[in-house]
Amino acid sequence: LYSEKPIYPTFSNPRADYWATLILSVYRNYLQTGNLARLREALPLLRKNLYVILREDKDRDGLPEGAFPGTTYDGIEITGVDSPTSSLWIAGLSAYLEINKIRKNQEEAQRILPLLKHARASFERYFWNDHSGYYQLLFDPSKEEQSNPVTSTCHSAQLLGQWYADSLGMGSLFDRNRILRALSTIQQFNERLYGTLSAIMPDGSRVKSSDKKSRGNLGHHCWPTFSNAHYACLQITRGKASTGLQQVEKYYRNLQYKQGLLNAAPYIWDVENNCPADENMESHVSALSVWHIFYALIGLQVNIPRSTLRIMPNLPEGIHTMNVPLFIPASLGWIKYQEDNQNGYRQRVHLQFDTPMNIKILELRVPKEVEAAKVHCEDTDGPIPTRHEILPYGNAQLLRIYLEQSVISSEQLSFKIARITPLDAR
C-alpha cells in the first residue's frame with residue numbers, strides 16, 4: 001500500500017477547501033519527509049485544480065465563492081464567501097507559494113503573490129467585525145445589504161487556516177492583534193460547560209438556517225474533535241495553554257470518561273442536552289485530534305529538507321520543564337526541555353533519536369530581554385562548534401543555532417543556552 005503512488009483528485013465540482021486541504025497536506029508531507037519526488041509529482045495537478053477553482057472567483061476579490069452545502073462544516077447555508085473556507089484557502093495559497101519557491105518556479109510564484117495579498121486584504125475587509133471583535137461567518141460581495149440572517153455568526157472555525165499555518169511554521173496569515181481578539185471573543189461567546197459551540201449569533205441567540213437536512217452545525221451543537229484541533233491549538237500557540245487544555249479536558253471528561261466513548265465519538269454533540277446531536281450516534285470520528293494538541297504544546301516543527309528542528313514549547317503558566325516522546329516520520333525519540341529564569345536566563349534541550357537525523361539548525365524561543373546568549377552543543381562524541389543569531393519573534397525572540405558541521409546523530413544531542421549579562425561580557 002505505502003509503495004503505491006498517491007491519487008490526487010481532479011475537481012469536477014470546484015471547492016476551495018478541498019484544494020486547500022490537499023495542498024497543505026502535500027506541503028506538510030514534504031516538510032516532514034523531504035520527499036521531493038512526491039512534491040514534484042503532485043504540483044502539476046495542484047496547479048490545474050487551482051485555476052479551475054479560481055474561475056469561481058466571479059468578482060476577482062481573491063476569495064472563490066462557496067458552494068452549498070459546505071464541505072468543511074455542514075449545516076449553514078453559504079451565500080457568497082465564508083470565513084472558515086476563506087481562511088483555509090489563504091493558508092493553501094501560502095503553501096502553494098512556498099512550494100513554487102522550493103521548485104524555483106519564479107513565474108508562478110510571482111503570479112500567486114499578488115493573488116495571496118489580495119485575498120488576505122479581502123478577508124480582513126469582508127469578515128472583520130470590529131464592534132464585536134471577531135471574523136464573522138459570511139459575506140456576500142454581490143449584495144450591498146447582507147440579507148442572510150446568519151451573516152454575523154461567530155463561528156469557532158473562523159481562523160481554521162491560521163491553525164494549519166501555525167502547524168507548518170508559516171507565521172501569521174492575518175492581523176496578529178485581531179487573531180488574539182477573535183480568540184478571546186470565541187472564548188466569551190462560544191464556550192459552554194460541555195464544549196465549544198460551533199456557531200452562535202453575537203447576541204447569544206441560536207443560529208437558524210434554511211438547510212432542512214442539516215446534520216446539526218447549528219443552535220446548541222459543537223464538533224468536539226474539530227474544536228480540539230483548531231480552536232484549542234490556536235489558544236495554546238498564542239500563550240493561553242491553560243485555556244486550550246480546558247477544552248481538551250471537557251472533551252475527555254465528558255465524551256470519553258463519562259460517556260465511555262474511548263476511541264470514537266459522534267461528529268456532532270448537543271452541548272445543551274449533553275448527548276449526540278439528532279441521529280449522529282452512528283456517525284463517528286476518531287479521537288486522533290489530540291495529537292494536534294500534543295504538537296501545539298511541545299511547539300515542534302520539522303523541516304527535513306533544510307535539516308531544521310524548531311522546539312518552542314507552549315506550556316501552561318508555572319510549568320518550565322518538558323519530558324516527552326518525539327514522533328516524526330523521520331525518527332522516533334525523546335525531547336527533554338528545561339527553562340530557568342531565576343538566576344539569569346538558562347535553557348536546556350536534550351534530543352534523542354532512534355534513527356540517524358541530519359541536523360544543521362535548531363530554533364528556540366528566548367525572552368525579549370535576552371540580547372546576547374552563550375550556546376553550548378554536544379553529542380555523544382563531545383562538543384560541537386556552533387554559531388547563532390537572535391531575531392525578533394513576536395513578543396519574544398528567536399534563537400537560531402547553526403551547527404558548523406552537519407550532525408548526523410542517531411543517539412543524543414544536547415544544547416545549553418545561557419543569557420550573557422554585562423558582567424559575563426567583560
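The values are calculated or read from the model by the stated rules, or taken from the named source; none is laboratory data. As the structure is a computational prediction, the values presented were derived from the model and not from experiment. Cβ placement follows ideal geometry from the backbone for every residue including glycine, while neighbour counts extend to all protein chains displayed. We work out accessible area using only protein heavy atoms, side chains counted, and drop any ligands, DNA or RNA first. Shrake-Rupley method; radii C 1.70, N 1.55, O 1.52, S 1.80 Å.
Residue separation of Gln110 and Arg306 scaled by 0.36 nm, minus their Cα-Cα distance, works out to 68.3 nm of gained length.
How about Lys416: which lysines have a C-alpha closer than 22 Å to its C-alpha, ignoring those fewer than 8 places off in the same chain? Within the straight-line cut-off, Lys416 pairs with Lys336, Lys360, Lys368, Lys374.
Among complete DSSP H helices in the chain, those whose alpha-carbon atoms stretch at least 27 Å along the helix's long axis and whose mean Kyte-Doolittle hydropathy reaches -0.5 are 83-102. When Lys and Arg each count +1 and Asp and Glu each count -1, what net charge do the other residues less than 9 Å away from Tyr134, Cβ to Cβ, add up to? Value of the local net charge: +2. For Ser25 and Leu45, the FRET efficiency from 1/(1 + (r/R0)^6), where r spans their Cβ atoms and R0 equals 22 Å, is about 0.95. Surface listing: Asp59, Asp17, Asp379 arranged by accessible area from highest to lowest gives Asp59, Asp379, Asp17, probe 1.4 Å. Give me log10 I(q)/I(0) at q = 0.11, 0.13, 0.19 Å⁻¹ for region 295-426, Debye formula, one equal scatterer per alpha-carbon, no solvent. The Debye formula, applied to the Cα set alone, gives -0.37, -0.52, -1.15. Its Cα gyration tensor gives region 285-325 an equivalent ellipsoid; the semi-axes, largest first and in whole Å, are 20, 18, 7. Can you give me the Cα centroid spacing of region 38-59 and region 319-396 in angstrom? Cα centroid to Cα centroid, the span is 39 Å. Counting Cα-Cα pairs of region 93-199 in 10 Å increments starting at 0 gives whole-percent bin shares of 13, 38, 31, 15, 3, 0.
In sequence order, region 341-350 has phi-based couplings of 10, 7, 10, x, 5, 9, 9, 10, 10, 10 Hz under the Karplus curve 6.51 cos²θ - 1.76 cosθ + 1.60, θ = phi - 60°, and Gly or Pro positions carry x. Using heavy atoms of the protein chains and a probe of 1.4 Å, the accessible area assigned to Arg40 is about 110 Å².
Length gained on full extension, Ala37 to Arg192: 51.2 nm, using 0.36 nm per residue less the C-alpha separation. How charged is the neighbourhood of Ser122? Take every other residue with its Cβ under 14 Å from the Cβ of Ser122, and add Lys/Arg as +1 and Asp/Glu as -1. Summing Lys/Arg as +1 and Asp/Glu as -1 gives -3. Take the Cα of Lys416, go 7 Å toward its beta carbon, and the backbone nitrogen atoms of region 342-379 under 13 Å from that spot belong to 346-350, 374-379. Extension gain, Thr380-Asn177: 0.36 nm per intervening residue step, less the Cα-Cα distance, totals 68.7 nm. At a probe radius of 1.4 angstrom, the accessible area of region 308-358 per residue rounds to 53 square angstrom. Note on region 347-391: the alpha carbon radius of gyration divided by the globular reference 2.2 N^0.38 Å gives 1.32.
Stokes-Einstein diffusion for region 318-360 at 4 °C, viscosity 1.567 mPa s, with a Kirkwood radius from C-alpha pairs, works out to 110 µm²/s.
Positive contributions from Lys and Arg (+1) and negative ones from Asp and Glu (-1), summed over other residues with Cβ under 9 Å from the Cβ of Leu183, come out at +3.
For region 271-358, pairs of C-alpha atoms spaced more than 16 angstrom apart make up 65 percent of the total.
Protection proxy ranking of 44-52, 157-165, 101-109, 358-366, by the mean of other Cβ atoms within 10 Å over each peptide's residues and highest first, is 157-165, 358-366, 44-52, 101-109.
Note on Lys368 and Glu317: their simple-model spin labels are 1.7 nm apart, each label 7 Å out from Cα toward Cβ.
The H on the amide N of Tyr345, modeled in the peptide plane, is under 5 Å from the matching H of Arg419, each at least 5 residues off or on a different chain.
Using only alpha-carbon positions in the chain, the gyration tensor eigenvalues give semi-axes of 38, 26, 22 Å once each is multiplied by 5 and square-rooted (largest first).
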